[in-house]
Every structure is written in C-alpha cells, then in structure tokens.
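The values are calculated or read from the model by the stated rules, or taken from the named source; none is laboratory data. Not measured: the values here are computed from a predicted model. Don't worry about glycine lacking a Cβ; one is built from the backbone with ideal geometry, like all the others, and counts go over all protein chains shown.
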Amino acid sequence: MQNPENVQNAASVITSALSELSGHAPRPRVGVVCGTGLGGLADALTDACPLPYSQVPGFPQSTVASHEGRFLFGRIGTVDVVLQQGRCHLYEGYAPEDVCMGVRVMAALGVEVLVITNAAGALNPRWDAGDLMLITDHINFTGRSPLTGPNHDAWGPRFPDMSAPYDAALGRIAMNEAARLGVRLERGVYVGVPGPQMETPAETRMYRQLGADAVGMSTVLEVIAARHMGLRVLGISCLTNKNLPDCMQEAPLEEVIRVAGEAGDKLARLVAAVVERM
Ligand code: 6GU
C-alpha cells in the first residue's frame with residue numbers, strides 16, 4: 001500500500017543517491033513522463049544523471065521491452081528537470097497506485113509541473129500517424145482510480161476537482177512553441193483504456209462517439225494522481241496510427257514504436273522548447 005511515508009522514503013533514497021553521484025541534491029521543478037519511443041528527450045538534457053528504478057525502494061519496474069526503467073535528472077536550458085524513462089501500465093498487472101508512483105515520487109522531490117507524453121491511436125479521422133496532439137481533456141475509461149481507498153490528506157483532498165485537469169496556460173505555451181518550431185500540434189481528448197488488446201471496430205466507433213480524439217493505455221491515472229497533489233499538467237500524445245472504425249488497420253507494436261520514435265524527435269524538440277519557457 002502506497003502512502004506519503006513510503007513515497008517520501010523513495011524520494012529520500014533518490015536524493016541521497018543523486019547527491020553522491022552528482023555532488024548536489026536534485027531540485028527538479030518539472031517532471032516529464034516519456035512514453036513509448038519518446039525517450040529521445042534525454043538528448044536535450046545537460047548534466048544528465050541517471051538513476052535506475054531498481055535502486056528506488058518499492059518502485060515498480062516496467063515489464064515492457066520498449067520502456068527503459070530509470071529516472072534521468074538534468075537541466076533543459078536553465079530549468080531543473082527529471083525524466084521518467086519508462087512507466088508501468090495496468091495491463092502489466094500493476095495496481096493504479098503502482099502506475100502513479102513515479103508521479104508521486106517526482107512531486108515529493110519538488111516537481112510542480114508534470115509533462116506527460118504517450119503513444120496513442122488517432123480516432124479523429126482528420127489526423128495522420130506521426131501527428132502530435134495536445135491533450136485538452138481526458139476520459140478515464142479504465143474503471144480504476146489511484147485514489148481508491150483511504151485519502152491521504154497530505155497529498156490532496158478526498159474529492160479532487162477535475163474540471164480543468166490540463167493546464168490551459170501550459171497548453172497555450174505548447175501551441176505557440178509548436179507554431180514557432182513549425183511542428184503540427186492538434187488539440188483533442190484522450191481516452192485511457194486498460195488494454196493490452198487494441199480496440200475492436202465497435203469499440204473504436206464508441207470511443208469516437210463518446211468524444212475522444214485519441215486512445216491509449218496510460219496517462220489518465222497519472223494525471224488524476226498529479227491533479228490530486230496539485231501539480232500543473234501538460235499532456236501530449238504522439239499519434240502512432242490511425243484507428244478508424246470503418247477502415248481498421250492493424251497497429252503492430254513494432255509500427256507503434258517506429259512511428260513514435262520518428263515523431264519522438266519532434267516531440268522532444270517541442271517539450272524542450274516549452275520547458276525552457278516555464
Ligand atoms: Cl490504436 N489503441 C490503444 N489502446 N493504444 C494505442 C494505440 C491504439 N496506438 C498506440 N497506442
């Protein structure tokens with residue numbers, strides 16, 4: 001069971017380990033969760049210092065081969081950041097609180113802004129594989145919540161507000177920076193599903209009719225935990241494949257990873273530019 005004490009303990013271990021490695025305690029202001037294929041942001045970091053999840057007590061390891069398992073501390077421009085390279089998912093068998101431990105540990109380390117990225121299928125018929133989408137809102141279709149069980153008042157309120165989960169000001173900065181960089185950035189609603197199976201045509205039609213523009217297997221629980229703790233959130237999806245009910249195409253993992261890797265370069269430049277403006 002996760003609670004403020006063991007999250008604080010994980011943060012303390014990280015702080016000690018990093019102080020030993022780099023000579024000073026980390027004080028990240030921005031935390032970035034790197035989704036599938038989006039680890040390229042690591043190249044934008046100066047003074048990068050890695051810390052494997054295996055060195056953090058109680059920290060869940062991702063079982064997905066395409067996900068690395070480490071924190072990476074460093075700076076983007078003048079801003080101290082921490083990257084979470086690799087996350088764990090419900091479909092691996094992890095509990096919602098495990099899925100959210102990274103976000104909670106980053107908050108305990110002092111992070112105030114969460115940048116969350118993912119690979120997702122495009123439900124909006126106007127979009128193409130390789131496009132990026134600013135997440136303006138989400139639908140939690142996982143049937144789960146990281147806030148089930150006793151509330152930890154030290155983290156946040158029992159019934160956290162969800163009327164504006166994605167920070168409008170950060171979204172505006174992202175749109176401006178995308179325009180400046182010549183990167184196409186769509187805006188839309190992300191529906192988070194448990195997976196691991198992809199959608200049937202009928203499910204794809206349903207999610208579209210429910211108002212979603214993209215579908216994926218992460219992010220929503222982490223954003224709930226982040227908002228509970230009062231973090232400001234910027235979310236960006238990398239649309240790795242078209243997911244249209246009347247012309248379904250297979251989206252094999254290799255294809256998802258390949259497109260995410262290609263578009264990941266755009267996304268890395270965009271996130272770096274946005275963080276420098278924070
Ligand atoms: Cl088409 N569906 C889901 N659930 N997750 C994805 C995806 C599709 N493409 C990338 N991730």
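For the reader, a short list of remarks on this structure follows.
- Complete set of residues in segment 154-212 that are surrounded by 20 or more Cβ atoms within 10 Å (Cβ to Cβ) and within 12 Å of the ligand (Cβ to nearest atom): Y190, V191, G192, V193, E199, T204, Y207, A212
- Some residue of segment 137-147 being part of a strand (DSSP E or B), away from the ligand (no atom under 16 Å from the Cβ) and under 19 Å from the mean Cα position of the chain (by Cα): yes
- Selection of first residues in segment 111-127 that are closer than 25 Å to P196 by Cα and of a type outside the set (A, V, I, L, M, F, W, C) and of second residues that are assigned to a strand (DSSP E or B) and within 12 Å of the ligand (Cβ to nearest atom), restricted to Cβ pairs under 6 Å at least 6 apart or on distinct chains, gives the following pairs, ordered by first then second residue: N118/G216; N118/S237; G121/V215; G121/N241.
- Scan of segment 213-244 for residues that are within 11 Å of the ligand (Cβ to nearest atom), touching a helix residue (DSSP H, G or I) at 6+ places or on another chain (Cβ under 9 Å) and farther than 16 Å from A129 by Cβ, ordered by number: M217, S218
- Among residues of segment 150-194 being charged (D, E, K, R) and out of contact with any helix residue (DSSP H, G or I) (no Cβ under 8 Å at 6 or more places or on another chain), the one that is modelled with the lowest pLDDT is D153.
- The single residue among A95, A44 that is hydrophobic (A, V, I, L, M, F, W, C), touching a residue at least 12 places away in the same chain (Cβ under 8 Å) and either surrounded by fewer than 21 Cβ atoms within 10 Å (Cβ to Cβ) or at negative phi (or both) turns out to be A44.
- Of the residues P245, P194, P201, the single one that is of a type outside the set (D, E) and out of contact with any Ser or Thr (no Cβ under 8 Å at 6 or more places or on another chain) is P201.
- Flag if A119 is outside any helix (DSSP H, G or I), out of contact with any Lys or Arg (no Cβ under 9 Å at 6 or more places or on another chain) and among the hydrophobic types (A, V, I, L, M, F, W, C): yes
- Flag if A120 is under 17 Å from the mean Cα position of the chain (by Cα) and closer than 30 Å to T200 by Cα: yes
- Filter result (crowded, with 22+ Cβ neighbours inside 10 Å and either farther than 12 Å from G31 by Cβ or within 13 Å of the ligand (Cβ to nearest atom) (or both)) within segment 101-129: M101, T117, N118, A119, A120, G121, A122, L123
- Flag if P26 is surrounded by fewer than 15 Cβ atoms within 10 Å (Cβ to Cβ) and more than 16 Å from the ligand (Cβ to nearest atom): no
- Qualifying residue in segment 53-61 (condition: of a type outside the set (G, A, S), within 17 Å of the chain's Cα centre (by Cα), within 16 Å of the ligand (Cβ to nearest atom) and more than 17 Å from I257 (Cα to Cα)): no
- A count restricted to segment 245-278 and to residues that are within 12 Å of the ligand (Cβ to nearest atom) and hydrophobic (A, V, I, L, M, F, W, C) stands at 8.
- Here the condition is being part of a helix (DSSP H, G or I), closer than 20 Å to N124 by Cα and among the charged types (D, E, K, R); of E262, E222, E177, E203, it holds for E203 alone.
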